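Below is one structure; the comments refer to it alone.
Just so you know, all these numbers are worked out from the coordinates, no wet-lab data involved. Just so we're clear, the structure is a prediction, and the values are computed from it rather than from any experiment. Ideal geometry is used to build each Cβ from the backbone, glycine not excepted, and the neighbour counts take in all protein chains shown.
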Amino acid sequence: MQGRDENGVAYYIDMTLLRRAREKALKQEEIEALDRQIAQAERDLWIVKTTEMSLKKIQDVLDEMRNIAVEAAENPKADRKALNRKLDGLKLEIDKIVADATVDGVNLLDGSMGSIDNVIKAISDALNN
């Protein structure tokens, strides 16, 4: 009878240890999944911040272009060639901002990726490879 009780206790202890090991493994999988989600959220946030910063720069350039246009409209004696050179320079500045708006080699503003979902997927794929 004593051997049977010892086997019962041993079985109980074995099962308890197995259950705890399984729970620990599941918790570790959950932790790893959460870590991946956090990393993805950080990448997504970087995409948003990069896009926002670039769009703010473009808005500043567009405001400057508008001021030049208002100046030209209000002053018929303004040097049109000089104003057009300024506008051409500002257009190039916008092109540079768009070209520089990249995260992990994926351009965010040139339209080549289509929707933002495609941009996020491309960046995720680039980081996972």
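Counting 0.36 nm for each residue step from A33 to L45 and taking away their Cα separation leaves a gain of 2.5 nm. Residue by residue, segment 61-68 carries 3J(HN,Hα) couplings of 5, 4, 4, 5, 4, 4, 4, 5 Hz when phi is fed to the Karplus relation 6.51 cos²θ - 1.76 cosθ + 1.60 (θ = phi - 60°); x denotes Gly or Pro. Projecting label points 7 angstrom from Cα along Cα→Cβ for I58 and K121 puts them 2.2 nm apart. By the rule of a C-alpha distance below 26 Å, with chain neighbours fewer than 8 residues away ignored, the lysines paired with K81 are K57, K91, K96. With the charge dipole of the chain set up from +1 on Lys and Arg Cβ and -1 on Asp and Glu Cβ about the Cα centre, the Cα lying farthest toward the positive end among the listed residues Q59, S112, I47 is that of Q59. When Kirkwood radius over Cα pairs in Å is computed from the coordinates, the matching label among (1) 20.0; (2) 17.4; (3) 14.7 is (1).
The spacing between segment 64-125 and segment 8-59, judged by their C-alpha centroids, is 39 Å.
Computed from backbone phi with θ = phi - 60° and the Karplus coefficients 6.51, -1.76 and 1.60, the 3J(HN,Hα) list for segment 18-26 is 4, 4, 5, 5, 5, 4, 5, 5, 5 Hz; x is used for glycine and proline.
Taken along the Cα-to-beta-carbon direction at a fixed 7 Å, the label points for N75 and L87 span 1.6 nm. Using the average count of surrounding beta-carbon atoms within 10 Å as a protection proxy, the listed peptides 12-20, 100-108, 39-47 rank, highest first, as 100-108, 39-47, 12-20.
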